[in-house]
1. Please give the FRET efficiency for Asp93 paired with Ser300, using the beta carbon to beta carbon distance and R0 = 22 Å, rounded to the nearest 0.05.
2. Computed FRET efficiency, Cβ-Cβ of Gln125 and Arg185, R0 22 Å: what is it to the nearest 0.05?
3. Could you compute the FRET efficiency for Ala234 and Thr292, with r as their C-beta to C-beta distance and R0 at 51 Å, rounded to 0.05?
4. In the stretch 161-212, which GluC sites (Glu not before Pro) are in a loop and have at most 13 other Cβ atoms within 10 Å, using DSSP for the loop call?
5. Name the shape class, rounded, prolate or oblate, that the alpha-carbon gyration tensor gives for the stretch 167-301, where a ≥ b ≥ c are the square roots of its eigenvalues, rounded holds for a/c under 1.5, and otherwise prolate holds if a/b is larger than b/c and oblate otherwise.
6. How would you classify the stretch 159-202 from its alpha-carbon gyration tensor, with a ≥ b ≥ c the square roots of the eigenvalues: rounded for a/c under 1.5, else prolate if a/b is greater than b/c, otherwise oblate?
7. How far apart, in nm, are two points set 7 Å out from the Cα along the Cα-to-Cβ line at Asp252 and at Val150?
8. Rounded to whole Å and sorted largest first, list the principal axis extents of the Cα atoms in the stretch 21-98.
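FYI, it's all coordinate maths here, none of it is from the lab. These numbers were taken from a predicted model, which means no experiment stands behind them. Here the Cβ is made from the backbone with ideal geometry for all residues, glycine too, and neighbour counts use every protein chain on show.
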Amino acid sequence: MPSRRHRLSHVTSRVAGLRRRLGATQRTAFVLSGGGNLGAVQVGMLRALAEAGIEPDIIVGCSVGAINGAGFAAEPGLGGVERLDRIWRRIADREPDLMPSRFMPVLAQMARKGESLHDQDRLAQLLDEELPTKTFSGLQVPFSCVATDVTTASEHWFDAGRLVPALLASAALPVVYPAVEHGERTFVDGGVLNEIHAARAVALGATELYILHVGHLEGRAMQVQRPFDGAVRAYWTARRFRLEEDLRRIPDHCVVHRLPAGSNPRLRFDDFTQAARLVELAYEASSQYLRTGRAPEPVSGPVSEPEPEWADQELEEQSDLSNGAKGDGDRRRRALARWTAARSLGAATDRSRRAGITEPADPETEVDQECGDSEDADSPQPSVAGDGHERSGAR
């Protein structure tokens, strides 16, 4: 549970209002955390804040929170929210596709040579197209974002100069995106060291902080059904400990508000299709929180569609083929056909879903027919199961 001093309440709101009436210097900060594809929830939170008439004097961002924070700092208010909403809709529609190899199982992508699964070219182009300013000085609200300097193992803050390169450095999530070089320094995602930079906001003079975090900081139990779930639980336990330690060091005169995300989504790291739903749920929960001082219980939230259970088998077969193994000709032909059909199905399913059309047939059936498999005539269709890479709010 959050400490009593840091819970949003009518009492703390009245105290803050009294200070303003007495002429005390008050500065409001929005602190946006990292969170990858879950960063869409921050758009809903920002809309709730804008509609409530709460305006920031300072914005601090990390990773995807840096991107959202910069977009809002460029135009604080509902206009900035609409721009961010448009950006996330484009990403959900793969315009551009930030992670174009998403039809291949994650383990297969991890086995490839190279520093990362994807490059940041499409993300850089999107930011160039959508942000109305190219420099920090063109923002309407003072904004800073953080990246991790891998050489010195320290935080590096950007608050001047070119905007997009700084955002790319702050959002250079290891494995997913490559490190960003700035002169002789190498930067990766700012969330590697810390997700939520409340202390930075206080150091800049903030007395009232709104924390826009996308993950699980409520101390609630997480159901562990597979080893990956255990790793996710450990991750969020460490993040929650770090946040509580940081909040304990904040001066007593500061008021801290934690906005609720509204849901507990279970999405693969490369699934951006649920952005609109995440925005909606966060907006509803944050609006209620700002009106009443109480956060509603989170709903279950959207879940990524499972991949066919034969994905692991196909990964093994694909590995054998890429390593030049000699195998049965039908097996080789079947593996390659399945991979082709799976990729085509993914693209067709997305197009059909947006158009409201029934999803295409199962690729297993189509490939078996193409390969002349007679044994499938009376056998059941394969069941589906999770790919083991669902996310419970993890980065």
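1. For Asp93 and Ser300, the calculated efficiency is 0.35.
2. So, using R0 = 22 Å, E works out to roughly 0.40.
3. 0.95
4. Answer by residue number: Glu184.
5. oblate
6. Judged from the Cα gyration tensor, the stretch 159-202 comes out oblate (a/c at least 1.5, b/c at or above a/b).
7. Calculated label separation equals 4.5 nm.
8. 51, 22, 18
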